[in-house]
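Chemist: Dumping the structure here so I can ask a few things about it.
The values are calculated or read from the model by the stated rules, or taken from the named source; none is laboratory data. Computed from a predicted model, the values in this text were never measured in an experiment. Virtual Cβ from ideal backbone geometry, glycine too; neighbours counted across all protein chains shown. Heavy atoms of the whole protein, side chains included, go into the accessibility calculation; ligands, DNA and RNA do not. Shrake-Rupley method; radii C 1.70, N 1.55, O 1.52, S 1.80 Å.
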Amino acid sequence: MPELIENRQIPETENLVTYLKPAKGWLSIDFKELWRYRELIYFLTWRDIKVRYKQAVLGIAWAVLQPLMTTVIFTVIFGTLLKTPSQGIPYPLFSLSALLPWQLFASALQRSSTSLVGNSNLLTKIYFPRLAIPLASIFAALVDFLISFVVLIGVMIYYQYWPGWNALWLPLLVLLALLTALAVGLWLSALNVQYRDVQQIVPFLIQVWMYASPIVYPIETIPAGIWRWLYGLNPMVGVIQGFRWALLGGAPPDLTLVISGAMVLILLVSGLYYFRRMEKTFADIV
Amino acid sequence: MSDYAISVENISKQYRIGLAQDRPDTLRDLLTAGVRKVGRIFQSNREGRYSDPAHIWALKDVSFKVERGQVLGIVGRNGAGKSTLLKILSRVTNPTEGYGEIHGRVGSLLEVGTGFHPELSGRENIYLNGAILGMRREEITRKFDEIVAFSEVGKFIDTPVKRYSSGMYLRLAFSVAAHLEPEILVVDEVLAVGDAEFQRKCLGKMNDVANEGRTVLFVSHNMSAILRLTQETIVLNEGKVVMRAPTPEAVDAYLNMGLTKAGERNWSEGELAGGDPGFRPIALRVRNPRGQVVDTVVAAEGFSVELEYQLNEDISGLRVGFYMMTTRGEYVFTTFDTDDPGLYESFTSRPAGRYISRVQVPPNLMNEGRYLLGVNASTYRIKRYFQDDKALTFTVDATGAPGMHWPEKRLGPVRPDLDWKIEVVEK
């Protein structure tokens, strides 16, 4: 009887039915819900960026200065003093092209792994998909990256390097770096909720990881064959090698990128699984 | 569509309590626990999870339904499970057992200011906080002016909130929450924060929400607010629903519940060690006019305070007295059992034995609030036999006190029923 149906406007939330039940085991990820909360992710990202550069005289310029200063240090120590080979590329450009994706990864990882504990006041008071928090901290790192990319363009112009069509691969490589950070960040942020040891380990982990990636030295330093393959298990190896190739030419990433990609996939799926499994208890133990 | 806004069945929530060895909080604990666990595999029993002493049930088998548009009160002592229940209803935490359904968006005034960032401006915080509470950006933009007007922060809207006074901060935070327009509003003890003006605003907003036909869950220790705003009330005790009844009945039952654990104070031998063995306090009790030992007394009825004690020797010139203090540490009064000259004469010397000194606090003396009782037993300027400045806390409820038709908190620790006359001097 359609005439009996009320004609009033029903707010979309009135029909929202929420089920309360014990959380058991593997909860599938509710991407639809995550999408509904996209504005929250946007605002959390925005907050992270805003707060980072508030009350700093140089403000957002720090996003540019940091990779620039690190490049200068690396160039002096590894380029000039230690004479590290750099595939025939000027050393500043060689190290900066790796530093950018590296810093994207490192800051995304650093921020996401402490994100849940840093937002514990939200966790214990309000419901929202918990994934929004590490996601937002990763997006905040991406914004920094995009700004610091300007430096790379400047240095490339200075050395008169013009990228070819290969540069179109960059977005994919950035995505791979982000997914790597997300995968590890999911593990570490969830672990950090219960074991605060994690936040002590993270800076150390990032440092070790940096030397395990071809940033200050070329990938050729690692002997080809089985060692190179093992080296490729570090997803950032593929990302960084790909970055150099896409911007500056040289050896294209080979099997390492495939190994890196597979590694990210494994880390990401297991990270999501662990995160979802722990999610239900965050509010109780954080 | 169901007629119920909230329906929960047998909801239970279990928490672990701090037995350090049980829950590894650091990796070291985890490693040592791992070794122990291996040894335990052979004697594991599945029931153990629920019965072992490291776990407590914050809620046990709670079932109730709330109809659309109903304003339901929830009362209970501290630790009765009120906050846990609200956390489950707002999905912050999952129940350990049970099932529930919620129809509509849940907004809550306990989240006032959650996610506010001190470095951000008022404007930025409105958007951030709105998004956290589940508002969409266009919705916030639409209500922005209204929120600013309600909060009265005006021209400071672009100033970082860390420069706000605490009053401005609270008002801004509350205005955002108040404009959420959820189908279900949960209010937890908002009356405990902010000044009188702010509390009036909270109550006013709650009334509006209720009048618009939304569902409201109202949690409070303030019985008069519960009586004023709700028709029906649930009483929680030790994680269980012990009663659901029309509010006056439920409040009455709650106030008279045999909460003997509170309202009485005993001293262990350890606490008395070093004291004078001649005077042994046994119990300090607060009783309502019906003689029940209670944690909450009603100011309008009056109440009594008594100390039971044992004298192991004859003591002359002994006086036993109480200090009444607010929880902020202001003294309300001091009184001794031999203040009255008649009693002073007849008890110049008390032989060894067991005594009770009881004082009657008249109706309409104390204001509502939480109070601290101190005990003193001494002989004037000679010897102090026993003193405990923080012996017992109890609550005074304002139900039926003078001026209760205004929903405001009265200043001062006393709320006497004074004699007023209004003269018309000229018309």
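Chemist: Does A:GLY185 satisfy being over 18 Å from A:THR84 (Cβ atoms) and surrounded by 16 or more Cβ atoms within 10 Å (Cβ to Cβ)?
Modeler: Here the answer is yes, as A:GLY185 does meet what is asked.
Chemist: Find the residue count for the range A:100-127, including only residues that are touching a residue at least 12 places away in the same chain (Cβ under 8 Å) and aromatic (Phe, Trp, Tyr).
Modeler: 2
Chemist: Among the residues of the range A:161-192, write down those that are more than 21 Å from A:GLN103 (Cα to Cα) and at pLDDT 90 or above.
Modeler: Within the range A:161-192, A:ALA190, A:LEU191, A:ASN192 qualify.
Chemist: Moving on. In the set A:ILE41, A:ILE73, A:ILE60, which member is surrounded by 18 or more Cβ atoms within 10 Å (Cβ to Cβ) and among the aliphatic types (A, V, I, L, M)?
Modeler: Criteria check complete, one pass: A:ILE41.
Chemist: Residues being in contact (Cβ under 8 Å) with a residue 24 or more places away in the chain, in a loop (DSSP other than H, G, I, E, B), of a type outside the set (S, T, N, Q) and open to solvent by 10 Å² or more (accessible area, probe 1.4 Å): count how many of those fall in the range B:274-298.
Modeler: Here the count works out to 5.
Chemist: Can you tell me which condition A:PRO22 does not meet? The list is (1) open to solvent by 40 Å² or more (accessible area, probe 1.4 Å); (2) modelled with pLDDT under 80, and all the others hold.
Modeler: (1)
Chemist: Hey, which of the strands (runs of 3 or more DSSP E) in the range B:340-427, taking only ones fully inside, have at least 2 residues that are aliphatic (A, V, I, L, M) and touching a Leu at 6+ places or on another chain (Cβ under 7 Å)?
Modeler: It comes to B:369-379, B:383-397.
Chemist: Please verify whether the range B:181-194 includes one or more residues that are assigned to a helix (DSSP H, G or I) and either at pLDDT 85 or above or basic (Lys, Arg) (or both).
Modeler: no
Chemist: Would you check if B:GLU301 is out of contact with any Asp or Glu (no Cβ under 6 Å at 6 or more places or on another chain), touching a residue at least 60 places away in the same chain (Cβ under 8 Å) and surrounded by fewer than 20 Cβ atoms within 10 Å (Cβ to Cβ)?
Modeler: yes
Chemist: Quick one: which residue in B:LYS143, B:LYS155 is more than 11 Å from chain A (Cβ to nearest Cβ), open to solvent by 40 Å² or more (accessible area, probe 1.4 Å) and in a helix (DSSP H, G or I)?
Modeler: B:LYS155
Chemist: Ok, one more. Which of the residues belonging to the range B:242-294 are modelled with pLDDT of 85 or more and within 17 Å of the chain's Cα centre (by Cα)?
Modeler: Selection gives B:ALA250, B:VAL294.
Chemist: Restricting to the range B:338-353, name every residue that is open to solvent by less than 40 Å² (accessible area, probe 1.4 Å) and either hydroxyl-bearing (Ser, Thr, Tyr) or under 18 Å from B:ARG285 (Cα atoms) (or both).
Modeler: Passing the criteria: only B:THR338.
Chemist: Has the range A:209-222 got any residue that is open to solvent by 10 Å² or more (accessible area, probe 1.4 Å), closer than 30 Å to A:ILE285 by Cβ and away from chain B (no Cβ under 14 Å)?
Modeler: Yes: one or more hits.
Chemist: Among what's in the range A:121-158 and is more than 21 Å from the chain's Cα centre (by Cα) and under 24 Å from B:LEU86 (Cβ atoms), pick the residue that is most open to solvent (accessible area, probe 1.4 Å).
Modeler: A:LYS125
Chemist: What pairs come out if I take residues in the range A:44-68 that are among the β-branched types (Val, Ile, Thr) and pair them with residues that are open to solvent by 30 Å² or more (accessible area, probe 1.4 Å) and outside any helix (DSSP H, G or I) whose C-beta lies under 7 Å away, six or more apart or interchain?
Modeler: Within 7 Å, the pairs are A:VAL51/B:HIS117; A:VAL51/B:GLU119.
Chemist: Would you check which residues across the range B:354-383 are open to solvent by 20 Å² or more (accessible area, probe 1.4 Å), in contact with a strand residue (DSSP E or B) (Cβ under 8 Å, 6 or more places away or on another chain) and at pLDDT 90 or above and list them?
Modeler: Correct list: B:ARG354, B:TYR355, B:ILE356, B:ARG358, B:VAL359, B:GLN360, B:LEU365.
Chemist: Now for a separate question. From the residues in the range B:200-217 that are out of contact with any Asp or Glu (no Cβ under 7 Å at 6 or more places or on another chain) and closer than 24 Å to B:PRO402 by Cα, which one is surrounded by the fewest Cβ atoms within 10 Å (Cβ to Cβ)?
Modeler: B:GLY204
Chemist: A further question on this structure: Is there a residue in the range A:192-199 that is open to solvent by 70 Å² or more (accessible area, probe 1.4 Å) and hydrophobic (A, V, I, L, M, F, W, C)?
Modeler: no
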